[in-house]
Each structure stands twice: as structure tokens, then as C-alpha cells.
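The values are calculated or read from the model by the stated rules, or taken from the named source; none is laboratory data. Keep in mind it's a predicted model, so treat the numbers as computed, not measured. Please note: Cβ atoms are built from the backbone with ideal geometry, for glycine as well, and neighbour counts cover all protein chains shown.
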Amino acid sequence: MTGQPPSSSDSLPGSVGQDLVTALTGRTLSAPEFQQLAEVPPETQWFANIDNPNTRRAYRDDLDGFIRFTGIQTPAEFRQITRSHILAWRAELETQNLASSTVRRKLAALSSLYDYLCNQNAVTHNPVKGVKRPRVESQVGVTPALTNPQARNLLDAPPSDTLKGKRDRAILSVLLHHGLRREEVTRLKVKDFAQADRGGPRMRVWGKGGKVRYLPVHTNTLKLVTAYLEAAGHKEQACYWLFQSVSHHHAANPNCGMTPGAVYSEVVKKYMLPLGITGENLGPHALRATAATCALENRADIAKVQEWLGHSNINTTRVYDRRVTRAPDSPTFKVAY
């Protein structure tokens, strides 16, 4: 015993101490970069941790509105917000005749930020908590569902003798036979489609929050997608996007996938309008509601439909159930005198 206290590296077992010293001398971040990251405000950290681009866009818009209303200019001013500021903002939102669900989402975005600030000890409490939010009837969705004849007409609408027509038939079949979100359709790669399985070909779907689900492929969809891939010429390119932009599909840019906006405007709305399928909220999400309703009408178990759609909560699945809106099922038509 020498009486000498061990050094920090000597106090660690084996070569761990030396490894740490080596790591310090071989750091990737420069000292200024390290300090800069250490000083990133928690408000910025919260936003950077949101993975879903649609959620990021919505939350950015919601918080921009709150920042403009309150006049916040620095992250530190978020910590001076009180419940009175939140109540005043809610009152301002109510004067804009926004949907109740929109006001609730905006308040939820702000509450999510303050929950994070609380966890980081940046604020003592969440000023949004306790602020009443507009009531939304969770069992009544705003997205309509098509009738069965409308769905059949839509599936047959694209021409079957052109590359774009073959692609659009395949996309509509994926939407109406599998209930995918339009973002999920655009994330499909060739290797995700018709994977071999003992129960038949299945499709790997990348959903919200990075969640993956596997869906059996409908026979009509399998036929239509196969025909499209053969015509498009990228059937053997496993890592290519499944559905390609026809206008950009050429040798110089052979892997140009579609955007969610293109699925909405160039496919769904393009064929709905000539069929006279018009109205509020009629788009790709209406096809998702149509698929869910049709499955439930044909006695699919609602828990299975929940899993099929990729919902975390079964109450969300119930919103897509349009069976309750069928007039003949109403007690009105059960009354007889």
C-alpha cells in the first residue's frame, strides 16, 4: 500500500480507464461543437425528437400560431407562460371558427412541449393542464366512406392499357383492399410487396411511429401490382419504390417514387371527380374508411380490423366504422304503428 489515491483510470477495471482517455483524444465533436450541443434549448430538443414528418409539420404550424399570438421571441420566454396565456389563446382560436378537433390538436401540441419541459426541469408545471378543450364526439368521424358500387366503379376507372392506368389501378386496389394510409403506400418498396409466407403472399407496411405490420395481399391487388411492375420494368429492383412517378420514370432517374400528395391529386381525386364522387373530406382517407367499413359489414372482428389498420387504440378504429350511419339500421325505421 503506497497510500497514494488511485487515478481515475486506475480505479476502473482492466483497460477501460485507458480506453476512455483514448476516446477523449479521438473525439468526433470539436470542443466548440460539444459546447454548442450542450446549450441547445430543451424546446428545440423536443421538436427535433419528433420523428413523423406529418406530426412535425402540424406541431410546427400549431406552435407558430401560439408564438405569434403571445409574441414569444426567445426559447426562455416559453418558461414565462401561464395558464392565463393559454386561456387567451384558446379564446382566440374559438373566434376563428376552427373545428373542435383542430383546437384540441393545437392545445395537445403545446401540452406535449410543456410535458417535455417539465421532464427536463425547465419549468415547474405544465400550464396547459387543466385548460378545458372542446369536446369531440369520438364515435363520429368526419371522413366519409364510399358505397360498395362507388368503390367498384373507382377500382375500374383507370385505363388498363397504359402504364399510368396500370399503376393507378394497383394503387387504388392497395388502398381499398388493404386500408393503407397514403403515406404508407408511398413507403412501399418492391421488396415489401408479396413476401412469401405459409399463409400466402403478404405485404410489409411501414406505419406511423416506425411500426411495421404484415398484411395478406388480396388476390386482385396481387394481379394488378404484378401487371404494373412488369409494364414499369422495375420488378427485379428490390430496393426501388414500388409505385413510381410515371413522368419521371426514365433512365436518368429510374427510382423516383410518388409523394403522398401525388396519390391524393393524381390518383384518388383524379378518378373520383368524373364519377361524381365529390364532397368534403373525400380523398385517400375516405378509401381507408371504406375498407374498414366494408370489412366490418362483412363480419370482420373489430380487434382484427384495428390490427389491420395499424391503430394503437380500438376507439380510433370505431371512428372508421360507418355501419352506424346506415339509415335502415336506425331506430327510426324500426318504429311501426
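Computed quantities for the displayed model
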| quantity | calculated |
| --- | --- |
| Test: residue in the stretch 51-74 that is at pLDDT below 80 and not in a helix (DSSP H, G or I) | yes |
| Selection status of residue 238, of a type outside the set (Ser, Thr, Tyr), touching a residue at least 24 places away in the same chain (Cβ under 8 Å) and part of a loop (DSSP other than H, G, I, E, B) | yes |
| Which listed residue is among the β-branched types (Val, Ile, Thr) and within 30 Å of residue 274 (Cβ to Cβ), from 95, 74, 143 | 143 |
| Candidates 259, 219, filtered to the one that is closer than 24 Å to residue 56 by Cβ and of a type in the set (Val, Ile, Thr) | 259 |
| Filter result (part of a helix (DSSP H, G or I) and within 26 Å of the chain's Cα centre (by Cα)) within the stretch 91-106 | 93, 100, 101, 102, 103, 104, 105, 106 |
| The stretch 197-234, residues that are among the aromatic types (Phe, Trp, Tyr) and free of Cβ contacts under 8 Å to residues at least 40 places away in the same chain | 206, 214 |
| Test: residue 88 is closer than 23 Å to residue 56 by Cα, of a type outside the set (Phe, Trp, Tyr) and exposed (fewer than 14 other Cβ atoms within 10 Å of the Cβ) | no |
| Restricting the stretch 102-127 to residues that are polar (S, T, N, Q) and over 17 Å from residue 60 (Cα atoms), the residue that is surrounded by the most Cβ atoms within 10 Å (Cβ to Cβ) | 126 |
| Some residue of the stretch 183-192 being touching a residue at least 24 places away in the same chain (Cβ under 8 Å), within 26 Å of the chain's Cα centre (by Cα) and part of a loop (DSSP other than H, G, I, E, B) | yes |
| Residue list for the stretch 287-307, restricted to those being surrounded by fewer than 21 Cβ atoms within 10 Å (Cβ to Cβ) and in a helix (DSSP H, G or I) | 294, 295, 296, 297, 302, 303, 304, 306, 307 |
| Residue in the stretch 53-68 that is among the hydroxyl-bearing types (Ser, Thr, Tyr) and buried (at least 18 other Cβ atoms within 10 Å of the Cβ) present | yes |
| Residue within the stretch 260-272 that is out of contact with any strand residue (DSSP E or B) (no Cβ under 9 Å at 6 or more places or on another chain), of a type in the set (A, V, I, L, M, F, W, C), in contact (Cβ under 8 Å) with a residue 60 or more places away in the chain and part of a loop (DSSP other than H, G, I, E, B) present | no |
| Residue pairs meeting the criteria (Cβ under 6 Å; at least 6 apart or on separate chains; first in the same structural domain as residue 106 (by TED's automatic domain parsing), in the stretch 57-85; second β-branched (Val, Ile, Thr) and part of a loop (DSSP other than H, G, I, E, B)) | 79/123 |
| Condition check for residue 145: at pLDDT 85 or above, under 30 Å from residue 297 (Cα atoms) and either surrounded by fewer than 18 Cβ atoms within 10 Å (Cβ to Cβ) or in contact with a helix residue (DSSP H, G or I) (Cβ under 6 Å, 6 or more places away or on another chain) (or both) | yes |
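To keep it simple, each residue is scored yes or no on (1) among the basic types (Lys, Arg); (2) within 22 Å of residue 224 (Cα to Cα); (3) touching a Gly at 6+ places or on another chain (Cβ under 8 Å); (4) not assigned by TED's automatic domain parsing to the domain that holds residue 179.
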| site | (1), (2), (3), (4) |
| --- | --- |
| 241 | no, yes, yes, no |
| 265 | no, yes, no, no |
| 271 | no, yes, no, no |
| 277 | no, no, no, no |
| 288 | yes, yes, yes, no |
| 299 | yes, no, no, no |
| 314 | no, no, no, no |
